[in-house]
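Participant: Before anything else, here's the structure in question.
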Amino acid sequence: MVIKVGEKRGNRRGERTSASGKGRRRRTASESNEIITLTDVSKAYSTGAPALKDVNLRINKGEFVFIVGDSGSGKSTLIKLLLRELTITSGYINVMGYDLSKIKHRKIPKFRRNIGIVFQDFRLLKDRNVYENVAFAQRIIQKSNKEIKKNVPSILAIVGLAGKYKAKPKQLSGGEQQRVALARALVNEPTVLLADEPTGNLDPKNSWEIMKLLEQINENGTTVLVVTHNREIVNAMQKRVVTLKKGVIVSDEEKGGYIDED
Amino acid sequence: MRINTLFYTLRQGFRNIFRNKWFTLASIATIGACLFLFGLFYAIVVNFQHIVKNAEQGVSVTVFFDAGLEDTRIQEIGEMIARRTEVSNVHFVSADEAWQSFKQDYLGEYADGFTENPLANSANYQIYLSDVSMQSALVTYLESIPGVRRVNRSEITATTLTGVNALVAYVSVGIIAILLAVSIFLISNTIMIGISVRKEEINIMKYIGATDFFVRSPFVIEGMLIGLIGAAIPLGIIYVLYNVVMEYILERFSMLTRLLSFLSVEEIFSVLLPVSLGIGVGIGFLGSISTVRKHLRV
């Protein structure tokens with residue numbers, strides 16, 4: 001059943017590419033297949049020690065990457081830089097063809113629409129139901145009501161919440177709320193999905209289900225970056241693992257595992 | 001902007017009002033209280049100015065002529081006076097008219113004993129001024145005209161009215177300015193608290209890629225609606241209250257009605273209505289725009 005719905009999404013993605021994908025393809029062509037490029041990136045907060053130091057990272061289109069490290073390692077800073085919530089102190093950062101150290105404030109919304117984001121604390125709009133939370137992402141990109149009515153139920157079906165579209169966030173379990181957040185992140189068919197500790201507040205069963213959804217999304221062509229603490233999942237999934245420690249990348253392995261702290 | 005998005009924004013603005021009931025009530029109460037004070041004060045000041053103006057128009061200077069002055073000369077003097085800019089009205093009172101009115105006011109039936117007009121030399125001009133503060137200048141001028149015997153005037157009334165008028169103008173400008181400043185401070189504070197509560201919501205919108213305009217619009221619509229309601233309520237109260245109070249004053253102090261003439265509620269509202277609504281909506285608009293802006297840098 002999941003695969004069947006996934007095929008439907010594949011079709012929708014195809015439609016979008018033929019309609020508006022041209023500009024993006026032209027922009028990223030110069031970067032070959034790289035969708036995220038960080039060259040000698042450092043980020044220092046005004047308060048003290050550097051959060052990231054000389055980070056070099058290249059992520060290709062369609063990759064699935066875990067970013068791991070204990071608290072204070074710079075994971076959150078990295079996510080914030082990729083979202084352009086923060087600006088780098090030095091170096092070069094390019095995401096989907098956008099040079100983030102030069103991007104103008106008014107261009108940021110357009111840039112972010114190509115990024116799906118999922119947080120540990122879900123960050124749903126509490127006073128709106130599941131349907132409206134997901135539809136909200138479509139309203140921002142000014143989709144017509146007709147399209148919204150078609151796309152939202154289809155994405156809710158993919159995350160397994162078709163029957164709960166009327167529920168308010170507080171009526172849902174943590175796992176369900178994270179699925180809503182995931183549906184919201186995916187409904188605009190982003191090129192990149194950033195998940196910041198997506199399983200941090202979930203039990204093992206729900207954690208695995210969310211990870212499987214992320215894997216499935218990745219198989220449909222979306223580049224997925226997952227920041228996590230979850231050793232078991234990282235070790236089991238055998239994906240690329242980038243380990244940060246005190247703001248420096250200490251290892252970057254294909255099919256890696258969680259590196260234990262000394 | 002798509003029609004679709006426009007309707008969505010409007011709908012969200014309306015919904016926000018109900019979503020944050022306490023915030024909405026607090027804001028409406030703040031705006032309402034400030035604009036009520038403003039309206040009340042405005043009504044009092046405008047009426048006061050109206051009364052002073054009326055009193056001013058009742059102040060007159062009387063000019064008497066030398067005994068036996070020819071009618072043509074008297075007419076000439078009348079024309080000279082009428083040409084003065086500070087003069088609003090010149091009224092000629094003949095000796096007979098003066099006697100008639102004196103008889104009526106003071107003598108009543110005892111007047112029958114007089115066979116001749118004892119006020120034969122009392123023909124005069126009653127001069128009404130458009131600006132009381134110019135009275136002494138006018139009197140100096142009148143006294144210099146050949147043929148003028150005497151000029152009567154009430155110096156105290158004129159200077160008092162001039163002083164009161166200036167005082168009312170200064171005080172009212174001062175109080176209205178203070179009221180407005182307090183309103184703006186209170187209202188933007190209330191809006192700021194309301195929006196801080198929704199900071200997270202704004203953050204989420206920005207993360208998903210909402211433009212500043214998209215995030216701001218529902219808040220601005222909400223702010224303007226709150227301003228509108230906040231202005232409409234005190235206006236309604238003042239409208240009803242004004243009529244009631246006027247009726248009470250005129251009934252209770254009927255002997256004052258000759259002295260005091262009040263403006264009608266329509267005259268008050270011809271200014272108060274647009275100004276209050278403008279202030280309410282304007283404060284709602286500016287308050288929400290400036291407070292949301294602080295949270296948009298995400």
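Participant: Which one of these does A:Gln142 not meet: (1) facing chain B (nearest Cβ under 8 Å); (2) within 23 Å of B:Ile3 (Cα to Cα); (3) out of contact with any helix residue (DSSP H, G or I) (no Cβ under 6 Å at 6 or more places or on another chain); (4) surrounded by fewer than 20 Cβ atoms within 10 Å (Cβ to Cβ)?
Facilitator: Unmet condition: (3).
Participant: Then there's this: Going through segment B:37-73 one residue at a time, which ones are assigned to a helix (DSSP H, G or I), buried (at least 20 other Cβ atoms within 10 Å of the Cβ) and out of contact with any Leu (no Cβ under 6 Å at 6 or more places or on another chain)?
Facilitator: Across segment B:37-73, the qualifying residue is only B:Ala43.
Participant: Please determine whether any residue of segment A:43-60 is assigned to a loop (DSSP other than H, G, I, E, B), of a type in the set (Phe, Trp, Tyr) and more than 21 Å from B:Phe214 (Cβ to Cβ).
Facilitator: So the first thing to find is which residues in segment A:43-60 are assigned to a loop (DSSP other than H, G, I, E, B), and the list is A:45-49.
From the residues that got through so far, the ones that are of a type in the set (Phe, Trp, Tyr) too are A:45.
Add one more test, that the residue is more than 21 Å from B:Phe214 (Cβ to Cβ), and what stays is A:45.
Looking for residues that are assigned to a loop (DSSP other than H, G, I, E, B), of a type in the set (Phe, Trp, Tyr) and more than 21 Å from B:Phe214 (Cβ to Cβ), one finds at least one in segment A:43-60, hence yes.
Participant: Still on this model: Just checking, does segment B:88-96 include any residue being acidic (Asp, Glu), more than 22 Å from B:Ala166 (Cβ to Cβ) and in a helix (DSSP H, G or I)?
Facilitator: yes
Participant: Sticking with this one: Name the residue, out of A:Leu182, A:Leu172, that is away from every other protein chain (no Cβ under 12 Å), of a type outside the set (Ser, Thr, Tyr) and surrounded by fewer than 21 Cβ atoms within 10 Å (Cβ to Cβ).
Facilitator: On the way: A:Leu182 fails: surrounded by fewer than 21 Cβ atoms within 10 Å (Cβ to Cβ).
Going through A:Leu182, A:Leu172 in turn, just one is away from every other protein chain (no Cβ under 12 Å), of a type outside the set (Ser, Thr, Tyr) and surrounded by fewer than 21 Cβ atoms within 10 Å (Cβ to Cβ): A:Leu172.
Participant: Picking from B:Ile238, B:Ile249, which residue would you name as being over 14 Å from B:Tyr42 (Cα atoms) and not charged (D, E, K, R)?
Facilitator: B:Ile249
Participant: Turning to a different aspect of this structure: Going by the structure shown, is A:Gly69 in contact (Cβ under 8 Å) with a residue 60 or more places away in the chain and either over 16 Å from the mean Cα position of the chain (by Cα) or more than 24 Å from A:Lys239 (Cβ to Cβ) (or both)?
Facilitator: Yes; evaluated as a whole, the condition is true for this residue.
Participant: Run down B:Arg11, B:Arg15 and say which single residue is surrounded by fewer than 16 Cβ atoms within 10 Å (Cβ to Cβ), assigned to a helix (DSSP H, G or I) and at pLDDT 85 or above.
Facilitator: Being surrounded by fewer than 16 Cβ atoms within 10 Å (Cβ to Cβ), assigned to a helix (DSSP H, G or I) and at pLDDT 85 or above holds for just one of B:Arg11, B:Arg15, which is B:Arg11.
Participant: A further question on this structure: Taking A:Val192 and the conditions (1) of a type outside the set (Phe, Trp, Tyr); (2) in contact with a Phe, Trp or Tyr (Cβ under 7 Å, 6 or more places away or on another chain); (3) surrounded by 18 or more Cβ atoms within 10 Å (Cβ to Cβ), which numbered condition does it fall short on, given that it satisfies the others?
Facilitator: For A:Val192, the failing item is (2).
Participant: In segment A:111-165, which residue that is touching a strand residue (DSSP E or B) at 6+ places or on another chain (Cβ under 9 Å) and aromatic (Phe, Trp, Tyr) is nearest to B:Ile204 (Cα to Cα)?
Facilitator: Top of the filtered list is A:Phe119.
Participant: Taking only segment A:158-201 into account, find how many residues are within 19 Å of A:Asn218 (Cβ to Cβ) and part of a helix (DSSP H, G or I).
Facilitator: Total meeting the criteria: 9.
Participant: Given the conditions (1) touching a residue at least 24 places away in the same chain (Cβ under 8 Å); (2) in a loop (DSSP other than H, G, I, E, B); (3) at the interface with chain B (Cβ under 10 Å from one of its Cβ atoms), which single one is not true for A:Glu85?
Facilitator: Every condition holds for A:Glu85 apart from (1).
Participant: Checking the conditions here, which among B:Val182, B:Val168, B:Val215, B:Val164 is within 11 Å of chain A (Cβ to nearest Cβ), part of a helix (DSSP H, G or I) and touching a residue at least 12 places away in the same chain (Cβ under 8 Å)?
Facilitator: After ruling out the rest, the residue left standing is B:Val215.
Participant: Something else about it: When only residues in segment A:102-127 that are of a type outside the set (D, E, K, R), part of a loop (DSSP other than H, G, I, E, B) and more than 7 Å from every other protein chain (Cβ to nearest Cβ) count, which is nearest to A:Lys80 (Cα to Cα)?
Facilitator: This residue is A:Phe119.
Participant: Go over the candidates B:Val87, B:Val63, B:Val93 one by one and state the one that is touching a Phe, Trp or Tyr at 6+ places or on another chain (Cβ under 6 Å) and among the hydrophobic types (A, V, I, L, M, F, W, C). Step through it out loud before you land on a result.
Facilitator: Values: B:Val87 fails: touching a Phe, Trp or Tyr at 6+ places or on another chain (Cβ under 6 Å); B:Val93 fails: touching a Phe, Trp or Tyr at 6+ places or on another chain (Cβ under 6 Å).
Every option except B:Val63 fails the conditions.
The values are calculated or read from the model by the stated rules, or taken from the named source; none is laboratory data. Since we're looking at a predicted model, the values are computed, not measured. For neighbour counting, all protein chains shown are included, and Cβ atoms are generated from backbone atoms with ideal geometry for every residue, glycine included.
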